[in-house]
1. Residues in region 34-74 that are within 13 Å of the chain's Cα centre (by Cα) and hydroxyl-bearing (Ser, Thr, Tyr): how many?
2. Test of understanding: among Ala41, Ala89, which residue is small (Gly, Ala, Ser) and closer than 19 Å to Thr2 by Cβ?
3. Does region 46-67 hold any residues that are touching a Gly at 6+ places or on another chain (Cβ under 8 Å) and under 17 Å from Tyr104 (Cβ atoms), and which are they?
4. Scan region 68-84 for residues that are in contact with a strand residue (DSSP E or B) (Cβ under 6 Å, 6 or more places away or on another chain) and open to solvent by 40 Å² or more (accessible area, probe 1.4 Å) and jot them down.
5. Pick from Thr43, Thr9, Thr33: which is β-branched (Val, Ile, Thr) and either over 16 Å from Thr108 (Cβ atoms) or modelled with pLDDT under 95 (or both)?
6. Please determine, by comparing only the residues of region 95-113 that are open to solvent by 60 Å² or more (accessible area, probe 1.4 Å) and in a loop (DSSP other than H, G, I, E, B), which one is modelled with the lowest pLDDT.
7. Within region 29-48, can you find the residues that are surrounded by fewer than 21 Cβ atoms within 10 Å (Cβ to Cβ) and either within 15 Å of Ala89 (Cβ to Cβ) or of a type in the set (Gly, Ala, Ser) (or both)?
Amino acid sequence: TTSSSTTVTDIHDTTEAVVTSVPLNTTVHDEATVSGDGTTAPTGTVDFAFYSTIDGSDTPVASGTGIALVTSGTDGVAHPSTSQGPLAAGSYGFIATYNGDSNYTPSTGTCEQ
């Protein structure tokens, strides 16, 4: 059987700082961390989607498909997604989907605003 996984994301600017809001004309990308049961790091890939809404309710733009996880302790990290920008004024979001592996089920993170 497989264990559950959890996917969370952080949005980065071009200096790799984690950001929650950015000035006009900034370019950003996403990073996903996938956690499992704490004994074995998840492997496999993550797909990123970029939205021009704060809640991911519009049609997404693919922002990196099949980005490989790299082991970081007992987690897997996919970084970076495809960059988006320079951004106009507005609200945006990324959603990362982990595709699962032989140990862990797929999971989708919440919309990172």
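1. 5
2. Details: Ala89 fails: closer than 19 Å to Thr2 by Cβ.
Only one candidate passes the filter, namely Ala41.
3. Val46, Asp47
4. Hits for region 68-84 are Ala68, Val70, Asp75, His79, Pro80, Ser83.
5. Thr43
6. Gln113
7. If the condition is that a residue be surrounded by fewer than 21 Cβ atoms within 10 Å (Cβ to Cβ) and either within 15 Å of Ala89 (Cβ to Cβ) or of a type in the set (Gly, Ala, Ser) (or both), then Ser35, Gly38, Ala41, Gly44 are the ones that fit.
The values are calculated or read from the model by the stated rules, or taken from the named source; none is laboratory data. Remember, it's a predicted structure, so these values are computed and weren't measured experimentally. Cβ sites come from the backbone with ideal geometry, for glycine too, and all protein chains shown count toward neighbours. These area figures cover heavy atoms from the full protein model, side chains too; ligands, DNA and RNA do not enter into them. Shrake-Rupley method; radii C 1.70, N 1.55, O 1.52, S 1.80 Å.
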